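Some notes on the structure that comes next.
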Amino acid sequence: MTNDREKRLEAALAQFLQPMKGIPFEVVIQALCGATVEQFDLDADSNRAALEAIVNAMREACRAVQTNPIERPRPNEVGNDMEPFVINALRGQGMDAAAPKTKSGKGKTTGYPDVKIETGNIPIYLEVKTYAAANHTTTQRSFYLSPAEDHKVAEDGYHLLVGFEIE
């Protein structure tokens, strides 16, 4: 027979095992990584210039993929293959872009975020997502963030998301 205290503990533990929803992204990053999500102020000249370079790079990444198509059975697998195109295109725009290292300095390919752009001031973390054109209007999960002991958000920074529709 379970007493009232044990029932409350079981209920609390069960809640921890459920996906959390409705929590602001910046709160999650602060709690998981100990880093602040900075507001990307478009009134700042450096941010406008960075965004323009990122937009140009994403256009170039699309052209590069059209020349060398990615063929995978699932959209999220295409997303993994898209990351090198994005990094190369960002570098082509003169940006210092690479896969981010973990807090301990290790290279890690999986998990959030996919790309880190060093700006000389505040880094920009970029998440690369793909989705199937047929699923554009569905409520499919398009972003998943799970805790890690050695995460890739190592410092305060801007966090941007880029999405590519695929066929």
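In percent, rounded to a whole number, the relative contact order of the chain is 23, using alpha-carbon pairs under 8 Å and six or more apart. Helix 75-92: angle to the longest alpha-carbon principal axis of the chain, degrees 0 to 90, nearest 10? Tilt relative to the chain: about 50 degrees. Summarising the strand pairing of the stretch 1-160, around 65 percent of its internal DSSP beta bridges are antiparallel.
Ranked by the mean number of other Cβ atoms within 10 Å of their residues, highest first, the peptides 29-39, 123-133 fall in the order 123-133, 29-39.
Residue-normalised convex hull volume from the C-alpha trace of the chain: 167 Å³ per residue. With a Cα cut-off of under 24 Å and a minimum spacing of 8 residues unless on different chains, the lysine pairs in the stretch 1-143 number 11. As a fraction of the 1.4 Å probe accessible area of the chain, surface on carbon and sulfur atoms comes out at 50 percent.
Short-range pairs are left out: with C-alpha atoms under 8 Å and at least six residues apart, the relative contact order of the stretch 22-106 is 23 percent. Ligands, DNA and RNA are left out, and with a 1.4 angstrom probe the accessible area of the stretch 1-144 is 68 Å² per residue.
The values are calculated or read from the model by the stated rules, or taken from the named source; none is laboratory data. All values derive from a computational prediction rather than experimental measurement. When we count neighbours, we look across all protein chains shown, and the Cβ atoms used for this are built from the backbone with ideal geometry, even at glycine. The protein model used for the area step is the full one, side chains on, heavy atoms only, and it has no ligands, DNA or RNA in it. Shrake-Rupley method; radii C 1.70, N 1.55, O 1.52, S 1.80 Å.
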